[in-house]
Each structure stands twice: as structure tokens, then as C-alpha cells.
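Report on the structure given below.
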Amino acid sequence: MTEAVLYDYWRSSASYRLRIALNLAGVAYRTEQVDLRAGEQVADAHMARNPQGFVPVLELDGLRLTQSMAIIEYLDETRGCGFLPDDAPGRTRVRALAYVIAMDIHPICNLSVAKHVVDLTGGDKAVMGDWMRHFIRRGLVAFEALLDDPGTGAFCHGDRPGLADICLMPQLYNAERWGVELADLVRIGAIAERCRGEQGFAAAIPAPPPD
Ligand SMILES: N[C@@H](CCC(=O)N[C@@H](CS)C(=O)NCC(=O)O)C(=O)O
């Protein structure tokens with residue numbers, strides 16, 4: 001079978017989601033870095049892979065796949081990963097948790113969005129950090145409240161890691177990078193500790209590629 005290729009940027013949280021999901025699914029892959037700082041995501045080569053100019057892109061099963069959440073569900077459906085629970089209420093809850101991050105926090109904290117805010121407000125780079133901290137913290141406070149639920153177990157839903165945990169860990173990495181206050185988010189903290197102990201999560205932690 002052809003090797004899977006992940007077009008990745010080491011600091012991209014959407015790519016980090018996919019690295020975790022691929023590891024948990026047991027799919028071997030190699031990564032090709034698309035350097036967002038150098039603008040490679042909008043170069044012709046990458047735009048031909050994804051006209052949105054985003055990472056990740058995954059080549060797998062003879063397909064070229066975009067959109068991390070759709071790809072994670074594809075892995076779940078084709079590899080039986082159990083990223084979503086069997087029951088409909090459970091699936092809805094896990095998707096709702098995951099979407100707090102993937103649909104609400106992440107798009108407004110994208111690099112191109114935050115840079116545009118800086119430009120519109122006169123070029124003060126400090127605005128970017130304020131923007132990130134405000135929206136990431138607000139979303140994670142809501143996530144913490146949603147974890148106050150009988151469905152929460154050792155992980156966001158029950159006792160095995162799933163779609164919500166796959167979204168949570170990259171968002172936490174990003175939160176820490178921007179200096180978001182997290183100490184009071186104790187349910188998130190406990191789940192994060194358990195995720196860190198799982199090999200699939202540990203092997204996906206962002207690391208700068210060698211020069
Ligand atoms: N909804 C997309 C979002 C992808 C996305 O926002 N990727 C970011 C990195 S985390 C990106 O490529 N940003 C490039 C830019 O903003 O120019 C997904 O989940 O795959």
C-alpha cells in the first residue's frame with residue numbers, strides 16, 4: 001500500500017490533531033513540512049493540494065483529503081478507531097466538545113486572521129497575543145464547564161480517548177504558547193495529564209523539524 005503523506009506544519013494545531021489521530025489509528029505516515037511562517041501554504045504547490053491554503057492535507061488510500069475534522073471521521077469510519085461513541089447522544093456530546101475548539105476557537109485564532117487583526121489595528125504585534133489569549137481562554141472556560149457532566153470519565157467522554165481529546169490537546173499546546181491562564185481549569189488539566197501518558201498523543205507533540 002502507498003505510504004500516507006501528511007502535509008504538516010509542526011506548530012499547526014489542526015495538523016497536530018491529525019498526527020494524534022493517525023497514531024491512534026495505527027496508520028504509518030511520513031510528514032512533509034509546509035512552512036506557514038514562510039508563506040508556503042499559499043505557494044502554487046500547496047494551493048494545488050488545498051485551494052484553501054491550509055494545512056493539514058493528507059494523502060491516504062489514493063485520496064487527497066483536507067479538513068482535519070472530516071479526515072479524523074474518515075479514519076474512524078475506515079479503521080474502526082472508536083473516536084466517537086456508539087450511542088447518538090454520546091456522539092453528539094463528543095462532537096459538541098470537539099467543535100467548541102475546532103469550529104469556534106480555532107478559526108478566529110488562525111494565523112492569517114490574527115495577522116489581519118494586527119494590520120487593521122495599526123500593526124501593533126502585541127494585539128495578536130491579546131486576541132489569542134482572550135478567545136482561547138473564553139472557549140476553554142466553556143469547555144471546562146461542559147466537562148462537568150456525567151459523560152466525562154478519565155477522558156472527555158468515558159474512559160478512552162476520542163475526538164474531543166484529539167482536539168483538546170493541540171488547543172492546550174497553543175494556549176500555553178500564548179500564555180493563557182489555565183491553572184483553574186482543573187478538569188481539563190486532569191484529562192490532559194492522562195492524554196500525555198498515551199503513546200499516540202506523546203508521539204504527536206510538536207517538535208521543530210531538523211534544518
Ligand atoms: N478547518 C481546517 C483549518 C485548517 C487551518 O486553519 N490550518 C492552519 C494551521 S492550524 C493554517 O494552515 N493556517 C494558514 C494560514 O492561516 O495562513 C482544518 O481543520 O483542517
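Where a number appears in this text, it was derived from the coordinates with a stated rule and is not lab data. Values in this document were obtained by computation on a predicted structure and should not be read as measured data. With ideal geometry, Cβ positions are generated from the backbone for all residues, glycine too; neighbour counts draw on all protein chains shown.
List the trypsin sites (Lys or Arg not before Pro) within the range 115-208 that DSSP assigns to loop and that have no more than 10 neighbouring Cβ atoms inside 10 Å. Display every interim value, and only then the final one.
Details: sites: LYS115, LYS125, ARG133, ARG137, ARG138, ARG177, ARG187, ARG194, ARG196; in loops: LYS125.
Those that pass, being in a loop and sparsely packed, are LYS125.
Determine the dipole magnitude for the range 4-81: charges of +1 sit on the beta-carbon of Lys and Arg, -1 on that of Asp and Glu, nothing else is charged, the reference point is the Cα centre, and the result goes in debye to the nearest 20.
Dipole of the range 4-81, to the nearest 20 debye: 200 debye.
How many nm separate the modelled label positions at TYR99 and ALA38, each set 7 Å beyond the Cα in the direction of the Cβ?
Going by the 7 Å Cα→Cβ label model, 3.8 nm.
Between rounded, prolate and oblate, where does the range 6-53 land on the alpha carbon gyration tensor, with a ≥ b ≥ c its root eigenvalues, rounded for a/c under 1.5, else prolate if a/b exceeds b/c?
Numbers: a/c = 2.48, a/b = 1.94, b/c = 1.28.
Verdict is prolate for the range 6-53.
Dipole of the chain, Cα-centred, from +1 at each Lys and Arg C-beta and -1 at each Asp and Glu C-beta, to the nearest 20 debye? Show your work: numbers first, answer last.
Numbers: 21 positive and 28 negative charges, 36 e Å.
Computed charge dipole of the chain: roughly 180 debye.
Hand me the trypsin sites (Lys or Arg not before Pro) from the range 23-83 located in a DSSP loop with no more than 12 other Cβ atoms within 10 Å, in residue order please. Could you put the intermediate results ahead of the total?
Values: sites: ARG30, ARG37, ARG49, ARG64, ARG79; in loops: ARG37.
Within the range 23-83, the qualifying trypsin sites (Lys or Arg not before Pro) (loop, at most 12 other Cβ atoms within 10 Å) are ARG37.
May I ask for the distance between the Cα centers of the range 8-41 and the range 166-211, given as a whole number of Å?
Value for the Cα centre distance between the two parts: 15 Å.
For every helix of n ≥ 4 consecutive DSSP H residues, a contribution of -39,500 (n - 2.57) applies; sum these over the chain, divide by its total residues, and give [θ] at 222 nm rounded to the nearest 500 deg cm²/dmol.
About -15000 deg cm²/dmol.
Collect residues whose amide H, placed 1.01 Å from N in the peptide plane, falls under 5 Å from the amide H of GLY158; neighbours closer than 5 in sequence don't count.
Distant-sequence amide H within range of GLY158: THR152, GLY153.
If amide hydrogens are placed 1.01 Å from N in the peptide plane, which non-local residues have theirs closer than 5 Å to the one on THR31?
The answer is LEU6.
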